[in-house]
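Okay, structure first, notes after.
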Amino acid sequence: PGKLGMSGEHVWDAHLAGVLALHPQGVTLPKALPDWIRRNKVALKGPVTTPIAEGITSVNVGLRKALDLYANVRPVYRLPGVKTRFDQVDLVIVRENTEDLYCGAGGFMHKGTPHEVATQMAIYTRRGCERCIRYAFEYTRKRNNPKGKKLTLVAKTNVLTTGHDLWWRTYKEVATEYPDIEADYNHVDACCMWIVKNPEYY
């Protein structure tokens with residue numbers, strides 16, 4: 001919302017992004033949009049469509065990078081009045097949002113030929129891992145959970161043996177600064193099973 005109008009209602013500043021911005025402005029993420037969000041500190045974002053298979057970077061990824069939105073925070077809880085298998089689900093998932101496959105590194109060789117090769121590189125930095133892990137520990141510390149405080153790193157260290165090794169080592173180091181929080185680890189396969197089968201584990 002922008003400033004208040006004469007009758008006291010909020011005046012909205014609308015900005016186009018994605019396909020809707022591409023033809024009138026020639027770009028899917030006009031520079032004015034992240035500049036406006038930085039200035040006003042708030043935005044209500046609807047679904048944004050990025051053209052498929054046209055080599056255009058995702059608008060969502062562009063916004064994350066422009067605004068350095070490195071922590072994707074997703075609360076998971078049961079809605080009142082909705083019948084579910086579990087009554088007391090209250091989880092928060094924190095995901096790193098700007099590195100890994102979102103860094104946008106990769107490309108094609110021999111594109112369009114029978115010998116075509118596509119690469120998509122996942123890049124991790126100690127800084128990127130540490131700030132996301134630290135955010136998750138701080139968030140966990142602030143949560144009011146009568147059963148205690150627990151933070152589980154979910155990764156795939158048995159297959160992604162370099163990038164996720166960096167995550168695991170960084171996690172263990174940062175965990176020493178939070179002795180009040182139980183630090184746990186799950187392979188992503190096990191985590192998916194336990195969230196469905198036994199969410200109270202978390």
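The values are calculated or read from the model by the stated rules, or taken from the named source; none is laboratory data. Source: prediction; values computed, not measured. Note that each Cβ is placed from the backbone with ideal geometry, even for glycine, and that neighbours are counted across all protein chains shown. When the accessible area is computed, the model is the full protein with side chains, heavy atoms only, and any ligands, DNA or RNA have been set aside. Shrake-Rupley method; radii C 1.70, N 1.55, O 1.52, S 1.80 Å.
Here is a list of conditions, (1) in contact (Cβ under 8 Å) with a residue 12 or more places away in the chain; (2) open to solvent by 50 Å² or more (accessible area, probe 1.4 Å); (3) not in a helix (DSSP H, G or I), and I52 meets all of them except one; can you say which number that is? Unmet condition: (1).
Can you name every residue in the stretch 182-201 that is part of a helix (DSSP H, G or I) and hydroxyl-bearing (S, T, Y)?
Listed by number, the list holds a single entry, Y201.
Give the residue, chosen from T170, T152, T84, T119, that is in a loop (DSSP other than H, G, I, E, B) and hydroxyl-bearing (S, T, Y).
The unique qualifying residue is T84.
Residue-by-condition table, conditions (1) farther than 30 Å from L63 by Cβ; (2) in contact (Cβ under 8 Å) with a residue 12 or more places away in the chain; (3) open to solvent by less than 80 Å² (accessible area, probe 1.4 Å); (4) out of contact with any Cys (no Cβ under 7 Å at 6 or more places or on another chain):
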position	(1), (2), (3), (4)
H110	yes, no, no, yes
A136	no, yes, yes, yes
R141	no, yes, no, yes
K147	yes, no, no, yes
A155	no, yes, yes, yes
G163	no, yes, yes, yes
T176	yes, no, no, yes
Y185	yes, yes, yes, yes
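Of the residues in the stretch 98-116, at least one is out of contact with any Phe, Trp or Tyr (no Cβ under 6 Å at 6 or more places or on another chain), of a type in the set (D, E, K, R) and over 29 Å from A66 (Cβ atoms).
Restricting the stretch 127-162 to residues that are modelled with pLDDT of 95 or more and of a type in the set (G, A, S), which is nearest to L69 (Cα to Cα)? Among them, the one singled out is G128. Within the stretch 34-41, identify whether any single residue is among the basic types (K, R) and within 30 Å of F108 (Cα to Cα), and answer yes or no. No: the stretch 34-41 contains no residue that is among the basic types (K, R) and within 30 Å of F108 (Cα to Cα).
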